[in-house]
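Please read the structure below before turning to the comments.
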Amino acid sequence: RKTVSLFLAVLMVAMLALGATAMAEVKLGQAVYAAHGTKAFCVATVAMNGDVIESALIEEFQFLGEGFEGVPNPESFTNAEGSVLGSKRANDEAYPTAMAGAGATQSLVTSYEAIEAFAEGKTVAELEEAINGKTKEEMVDAVSSSTLVDTLGYIEAIIAAANNVK
């Protein structure tokens with residue numbers, strides 16, 4: 001019993017040490033980017049391990065109308081029309097319904113996650129090669145499970161975030 005307990009303790013210490021070593025290599029980068037035209041802005045965040053994007057996250061903010069949840073302190077972030085600045089992720093349930101007239105067929109977060117997954121495991125050079133010379137229309141079809149017409153802009157935002165890693 002003592003041998004098993006000692007082995008487990010040594011194994012846990014080794015795992016913690018290896019985990020700490022791996023975490024030391026991960027660096028964060030972030031970019032504020034106009035991936036979706038002039039009516040919204042996104043914040044792309046990446047975790048880089050060397051030159052490889054380990055994880056990516058897309059968040060987007062836009063002035064949203066009635067029925068949408070605003071950012072904290074919404075009274076400070078309300079435009080002249082009465083719309084509040086809101087997170088599209090936080091409003092994921094309401095947003096596709098509001099966009100159905102524009103052809104939305106799935107949740108916005110589903111498409112964001114598909115774009116994030118597309119970037120993960122790639123280098124900036126690989127992402128740049130994937131979008132090089134491609135139109136917005138071509139990039140919609142290049143990322144499985146993303147139906148966003150601005151897929152190209154979101155990938156550019158992820159590249160910008162990766163290039164901001166210090």
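From the list GLY37, GLY19, which one is at pLDDT below 90, under 23 Å from ALA80 (Cβ atoms) and over 14 Å from the mean Cα position of the chain (by Cα)?
Exactly one residue qualifies, and that residue is GLY37.
List every residue pair whose Cβ atoms sit under 8 Å apart, with the two residues 6 or more apart in sequence or on different chains, where the first one lies in the stretch 128-142 and is closer than 11 Å to GLU156 by Cβ and the second, anywhere, is in a loop (DSSP other than H, G, I, E, B) and open to solvent by 60 Å² or more (accessible area, probe 1.4 Å).
Once the first residue is closer than 11 Å to GLU156 by Cβ and sits in the stretch 128-142, its partners that are in a loop (DSSP other than H, G, I, E, B) and open to solvent by 60 Å² or more (accessible area, probe 1.4 Å) give LYS136/VAL149.
What single numbered condition from (1) open to solvent by 50 Å² or more (accessible area, probe 1.4 Å); (2) small (Gly, Ala, Ser); (3) at pLDDT 85 or above; (4) touching a helix residue (DSSP H, G or I) at 6+ places or on another chain (Cβ under 9 Å) fails to hold for ALA117?
Evaluating ALA117 over (1) open to solvent by 50 Å² or more (accessible area, probe 1.4 Å); (2) small (Gly, Ala, Ser); (3) at pLDDT 85 or above; (4) touching a helix residue (DSSP H, G or I) at 6+ places or on another chain (Cβ under 9 Å) leaves (4) as the failure.
Filter the stretch 116-155 down to the residues that are among the small types (Gly, Ala, Ser) and assigned to a loop (DSSP other than H, G, I, E, B), then identify the one that is farthest from ALA40 (Cα to Cα).
GLY121
Per-residue answers, yes or no, for (1) under 19 Å from the mean Cα position of the chain (by Cα); (2) open to solvent by 90 Å² or more (accessible area, probe 1.4 Å); (3) modelled with pLDDT of 60 or more:
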| site | (1), (2), (3) |
| --- | --- |
| GLU25 | no, yes, yes |
| TYR33 | yes, no, yes |
| VAL43 | yes, no, yes |
| VAL46 | yes, no, yes |
| PRO74 | no, no, yes |
| ALA90 | yes, no, yes |
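Filter the stretch 138-157 for residues that are small (Gly, Ala, Ser) and closer than 16 Å to ALA117 by Cβ; which is most open to solvent (accessible area, probe 1.4 Å)?
Selected residue: SER144.
The values are calculated or read from the model by the stated rules, or taken from the named source; none is laboratory data. Quick caveat: nothing in here was measured; it's all calculated off a predicted structure. In this analysis, Cβ positions are derived from the backbone assuming ideal geometry, glycine residues included, and neighbour counts consider all displayed protein chains. To get the accessible areas, we keep the full protein, side chains included, count just its heavy atoms, and leave off ligands, DNA and RNA. Shrake-Rupley method; radii C 1.70, N 1.55, O 1.52, S 1.80 Å.
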